[in-house]
1. Name the single residue that is surrounded by the fewest Cβ atoms within 10 Å (Cβ to Cβ) among those in region A:51-81 being among the charged types (D, E, K, R) and under 19 Å from A:Ser192 (Cα atoms).
2. Specify the residue that is farthest from A:Glu148 (Cα to Cα); the eligible residues are those in region A:456-515 that are of a type in the set (D, E, K, R) and part of a loop (DSSP other than H, G, I, E, B).
3. Would you confirm, using the coordinates I've provided, whether A:Gly396 is more than 14 Å from chain B (Cβ to nearest Cβ) and small (Gly, Ala, Ser)?
4. Hey, among the residues in region A:135-165 that are closer than 20 Å to A:Ala461 by Cα and without any contact (Cβ under 8 Å) to a residue 24 or more places away in the chain, which one's nearest to the chain's Cα centre (by Cα)?
5. Counting just the residues of region B:91-102 that are modelled with pLDDT of 95 or more and more than 10 Å from every other protein chain (Cβ to nearest Cβ), which one comes out nearest to the chain's Cα centre (by Cα)?
6. Checking the condition touching a strand residue (DSSP E or B) at 6+ places or on another chain (Cβ under 8 Å) and either of a type in the set (Ser, Thr, Tyr) or within 12 Å of chain A (Cβ to nearest Cβ) (or both), which residue from B:Pro18, B:Pro22, B:Pro44 passes?
7. Of all residues being in contact with a strand residue (DSSP E or B) (Cβ under 8 Å, 6 or more places away or on another chain) and not in a strand (DSSP E or B) in region A:236-265, which is farthest from the other protein chains (Cβ to nearest Cβ)? Just the residue, please.
8. Might you let me know whether region A:298-317 holds any residue that is part of a helix (DSSP H, G or I) and not assigned by TED's automatic domain parsing to the domain that holds A:Gly114?
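The values are calculated or read from the model by the stated rules, or taken from the named source; none is laboratory data. Note that the coordinates shown come from a computational prediction; the quantities given were computed from them, not determined experimentally. Using ideal geometry, Cβ is built from the backbone for each residue, glycine included, and neighbour counts are taken over all protein chains shown.
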Amino acid sequence: MAASVRPALLEGPRPPNVFTRDDLRGATTLDADVVVIGSGAGGATMAAELAEAGFDVIVLEEGRYYQTRDFTADTSAMVRQLYRDGGATMAIGDPPILYQEGRAVGGSTVINGGMSWRTPDKVLARWDRELGLTGIARELEPYFERVERRIHVAPMDREAIGNDNLLLKKGADAMGWKVIGNLRNQAHCTGSNRCAFGCPTGAKQSALVSYLPRALHYGARVYADVRVDHITRDGKRATGVIGTVTGSGHRVTVRARLVVAACGAIHTPALLVRSGFRSPSGQLGHNLSMHPNTKVVAIFDEDVTGWRGVHQAFQVREFQDQGLLFAAVNMPPSILAMSFPQRGAALGQLMQHYDRMVLAGMLCEDTATGRVRTINGKPQAFYQLAEADAANLKRGVVLLSELLFAAGAQRILLPFHGAGELHNADEARALLARDLPARRCEVVTVHMMGTARMGVDRSAAVTDPFGLVHDADRLMVTDASLFPTPIGVNPMETIMALATRAAGHVIDNARRYVS
Amino acid sequence: MTYRHAATTRAVLRSLVPVICPPEAIPLGDAIVDHLELSLAASPALIQRGLAVGLVAYDLGAVARHGRRARALRGDAAERYFVSWEHGATRLQRQLARGVNQLMSLSCYEQPEMMERVGYRPGPWIAEVTQRRLTVYGDDVRRQQAQILAPDPLRPGVRVARERA
């Protein structure tokens, strides 16, 4: 029986309605009801729902088309292939914030950790109360359910949980802190811990192996290797897109009745700006939230071997109301070595402990916002970590260190340059009194949000509550750009639910949008 | 791949292998520098150019202090010169030293010999868990794949609505 099951759908020859640069050997003009720019959480979901409803859908993706079999143990090759700019994208600020975006068919869902959480009630209540998104919690409920069914959101199988996660839970339990099993879009993940480099087992139900196969099944066409240069328009009405085939430079023109931008919170505002769309709100590109992350590395006396086990099996939720989530995340030795200030023999000695390390990170719900500027047509993020958020990160480092010492850690390496290491919980608590400027903290993120925020008030929001751009016609946004505020949890499921809701709106109003 | 190390970049990076990488990685110096080229090729052009210019400055800056270019420094002299940039007076010096340290550490531990040394053997593990998933959970995996394609319209009767439109 096992011999007849494949790791993922469409594994094998490239499906006939997936096109790559090999198929685009000259200028090409295509027609569709809907063109979706980007194939990640928002774009793939929208494409699948509209294709099933009978719309003629084209998805354009700048990155390449890969299948599960292409995802190997070669970490840096995966980073080069699947990440925009090899993962070396940076928001300018002090400290600068390294952020990552996927660039492949399936978008960032191919490289994310697969955490699948609904938007927290308190966030939806705020959107309802302050932003005029009346009744949004109740309205999103069936869309969350639908998304969770499609991408198989489920807790982890117990036997697949690795030691790093068990130690995190042990520490949280010892501290008496709330720790919950993570919900992830996975179908029996057996724990290769390679989520960030393309799931090689097919267990993670990224858009590549869920929504996109569904979209293709219902007739959508996916064009990989096509970078959209701009959206064409007739006055305020979007009429299609013009793109370029990467590598060859051939032009691709798509004429469509509805244009959907799903390029992520960094690239969507830049695409709209370079296409000449302006928001009366003045908010396009503003309101950038980033969920700043930092990490500590704990060294234990016992074997951890964190790469044998699932990614982020638990989340510590004790401090969620204070904007902090904790989780254990294993990284390959090369990525970990890159994060250490040590070098030479000291680096070698430290890395000898690799299999006894627990890498634990935190997500901070930020209070500051940055912006994306479009410079020569390209986006550049600017983001200054707020003092309050820097203080929260520092507090998070202390709390996480206490947890790890409670689990039996012997040493903890800190994310502050020159701060040295900790040997017990007292030293951890003493950090609070130390002067550790924010600029010395290593901050990274994978959650960019808010740069085309939705709302009913066109003087304050870029799009309406369904993602339709105010002051434009037949132009829609379906990605994390829409979030009016940071949501404090992993954003994938919220993006997918909003995209599903937006697809429903398009279907309900088909005459208006595609006639 | 459009990026290639310039001769100076390659020479300076090669000379930094004993400074940044653990002693056991020194025999892998050429492979590390080759790998670094691959990483830079995927990086933004600004980083490629910044690193190239920075390494020229690093190379020439050694002449005043040590009477020879950085690429020709060995042992303690190479170490002391790198430290002087790690703790340099300018932010650019510090950033260059940190950036090179990061990139070279990445390339160092991407070498199979170095992964083996720290016990990281993901290939066989991936093969094992992939097979386990299909063997133990094959029925569930198949069910999930079937539901992905099964009809489940978001709105009832939508095709009719679409045809009317």
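1. Top of the filtered list is A:Arg69.
2. Applying the filter and picking the extreme gives A:Asp471.
3. yes
4. A:Ala137
5. Here the residue is B:Leu96.
6. Working: B:Pro18 fails: touching a strand residue (DSSP E or B) at 6+ places or on another chain (Cβ under 8 Å); B:Pro22 fails: touching a strand residue (DSSP E or B) at 6+ places or on another chain (Cβ under 8 Å).
The match here is B:Pro44.
7. A:Lys236
8. no
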